[in-house]
Amino acid sequence: MTALFHLQADADLSARNTFRVAARAPWLLRVNELASLPEALELEQIRGLPLLMLGGGSNLLFAGDAPGAVVELRAGGVGIVEDRGPVVRVRAQAGADWHGLVMWSLDQGLCGLENLALIPGSVGAAPIQNIGAYGVEVGESILAVEAWDRQEARWVRLGRQACAFGYRDSLFKRNPERWIVAAVELELSRQGRAHPAGPRLGYAGIGEELAAMGLDPGTHAPTARDVAEAVIRLRRRKLPDPGAAGNAGSFFKNPVVPAAQAQALLAAHPRMPAFPGQGADTHKLSAAWLIDACGLKGEREGDAGVSEAHALVLVNHGRASGAQLLELARRIAGAVQARFGVALEPEPRIVGACW
Ligand code: EPU
């Protein structure tokens with residue numbers, strides 16, 4: 001029988017972060033059963049220490065060692081909890097692999113997650129940074145998040161509104177010390193229509209990719225599986241293979257700037273991509289384009305580099321340290337600030353240093 005949890009001292013984290021940088025933690029707590037989490041957190045060795053939740057390690061940069069205890073929730077059960085009519089409720093535990101959940105949902109004939117195929121990481125990490133791609137964010141499908149509230153020492157179930165999802169943002173991201181995400185409840189659809197507005201095909205590239213697959217969206221209504229396949233093909237082509245060089249996907253968020261600033265930049269750079277922001281008076285710019293325009297795509301400082309495939313992705317070509325990658329990131333942000341007057345913010349959580 002597997003132990004409910006396991007505590008290891010002085011743990012090596014280099015295989016536990018997708019940047020594959022060297023880092024250690026004084027303690028690594030692996031929790032196999034969600035119900036045993038509160039008891040595990042009370043272990044004498046780690047009680048009161050800072051905690052760092054680790055999912056797939058795909059949205060983290062260790063610029064130094066982890067302080068305190070790193071906690072890995074391994075429970076990864078996935079199942080349908082209610083299947084009445086067109087809307088199906090699915091519950092997935094934090095330790096499940098995100099892409100595995102997307103493929104499982106398609107196998108069940110469920111729609112809603114197809115645009116989010118091939119995003120690395122665990123289910124537990126998905127709501128924290130409200131993962132998104134190709135015009136869809138996971139928060140749209142989330143009905144509730146089950147979490148351990150460390151402040152109140154109790155299990156809570158927070159509905160979609162309470163999770164306060166934003167662009168790569170949530171209540172959990174803003175309060176990393178308070179909640180430990182244990183499971184996610186999703187609302188998916190059986191009707192070939194993703195929740196809430198149908199398959200999102202408008203996003204640049206998806207329609208073209210479907211056409212390249214021989215599926216013209218004008219004459220053939222693509223299935224959720226077709227869309228997932230198009231997304232997988234696009235991601236494989238546009239993003240560097242995490243198996244080939246350590247990376248954490250987009251390193252910077254796309255900056256949101258006042259509309260007037262976007263207009264001024266567009267006047268000077270008519271080819272610059274700009275999209276309407278959440279509010280009418282803001283625009284979202286493309287961080288990849290800004291970095292590329294500074295001539296930094298493919299840049300390399302030792303083993304720390306900017307991907308040749310996508311200017312938004314930092315890569316570890318071999319033995320870069322987290323501190324070296326952070327230094328490169330700061331230089332990139334400095335160049336974009338100097339050239340365009342736009343501040344870039346990192347998307348991954350940085351451990352052991354401040355941005
Ligand atoms: N572009 C360049 N140079 C490049 C790459 C892109 O100039 O090297 C320009 C292109 O003009 C393109 C624009 O940047 O039109 C946008 O590029 P892309 O469609 O690849 O999307 P992105 O805004 O760079 C975002 C997400 C990705 C997600 C894609 C697809 C963020 C920070 N990133 O990237 O998410 O996969 O859209 O929806 O929002 C991630 O979060 O880790 C991630 C990979």
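The values are calculated or read from the model by the stated rules, or taken from the named source; none is laboratory data. Owing to the predicted nature of the structure, the values given are computational and were not obtained by experimental measurement. When we count neighbours, we look across all protein chains shown, and the Cβ atoms used for this are built from the backbone with ideal geometry, even at glycine. We work out accessible area using only protein heavy atoms, side chains counted, and drop any ligands, DNA or RNA first. Shrake-Rupley method; radii C 1.70, N 1.55, O 1.52, S 1.80 Å.
Looking at the stretch 286-305, can you tell me whether even one residue there is within 11 Å of the ligand (Cβ to nearest atom) and either under 27 Å from ALA15 (Cα atoms) or at pLDDT below 95 (or both)?
Checked the stretch 286-305: at least one residue is within 11 Å of the ligand (Cβ to nearest atom) and either under 27 Å from ALA15 (Cα atoms) or at pLDDT below 95 (or both).
Restricting to the stretch 314-355, and then to whatever is in a helix (DSSP H, G or I), of a type outside the set (Gly, Ala, Ser) and within 16 Å of the ligand (Cβ to nearest atom), can you tell me which residue is most open to solvent (accessible area, probe 1.4 Å)?
Only one residue tops the list, namely ARG339.
If THR219 satisfies all but one of (1) more than 13 Å from the ligand (Cβ to nearest atom); (2) among the hydroxyl-bearing types (Ser, Thr, Tyr); (3) surrounded by 19 or more Cβ atoms within 10 Å (Cβ to Cβ), what's the number of the condition it fails?
(3)
Determine the pairs where a residue that is among the basic types (Lys, Arg), located within the stretch 250-266, has a partner that is surrounded by fewer than 21 Cβ atoms within 10 Å (Cβ to Cβ) with Cβ atoms under 8 Å apart, the partner being 6 or more residues away or on another chain.
LYS253/TYR167; LYS253/ARG168; LYS253/GLU345; LYS253/PRO346; LYS253/GLU347
Mind checking whether some residue in the stretch 50-60 is open to solvent by 20 Å² or more (accessible area, probe 1.4 Å) and without any contact (Cβ under 8 Å) to a residue 12 or more places away in the chain?
Checked the stretch 50-60: no residue is open to solvent by 20 Å² or more (accessible area, probe 1.4 Å) and without any contact (Cβ under 8 Å) to a residue 12 or more places away in the chain.
Output the number of residues of the stretch 243-285 satisfying the condition of being more than 20 Å from the chain's Cα centre (by Cα), of a type in the set (Ser, Thr, Tyr) and near the ligand (Cβ under 8 Å from one of its atoms).
0
Could you give me the residue pairs with C-beta distances under 7 Å whose first residue belongs to the stretch 121-140 and is at positive phi, whose second residue is of a type in the set (Lys, Arg) and within 14 Å of the ligand (Cβ to nearest atom) wherever it lies, and which are 6+ apart or on separate chains?
What qualifies is ASN130/ARG168; TYR134/ARG200; GLY135/ARG200.
Looking at GLY295, GLY305, can you tell me which residue is assigned to a loop (DSSP other than H, G, I, E, B) and not charged (D, E, K, R)?
Just one listed residue meets the conditions, GLY295.
On the basis of being in contact with a strand residue (DSSP E or B) (Cβ under 9 Å, 6 or more places away or on another chain), open to solvent by less than 30 Å² (accessible area, probe 1.4 Å), of a type in the set (Val, Ile, Thr) and free of Cβ contacts under 8 Å to residues at least 60 places away in the same chain, does VAL31 make the cut?
So VAL31 passes the test.
Only one residue in GLU229, GLU301 is open to solvent by 30 Å² or more (accessible area, probe 1.4 Å), under 23 Å from the mean Cα position of the chain (by Cα) and acidic (Asp, Glu), so which one is that?
Exactly one residue qualifies, and that residue is GLU229.
Give all pairs with beta carbons closer than 6 Å in which a residue from the stretch 208-228 that is among the charged types (D, E, K, R) meets a residue that is open to solvent by less than 70 Å² (accessible area, probe 1.4 Å); count only pairs at least 6 apart in sequence or on separate chains.
As it stands, the answer is GLU209/ALA230; GLU209/LEU234; ARG225/LEU106; ASP226/LEU215, since those pairs meet every condition given.
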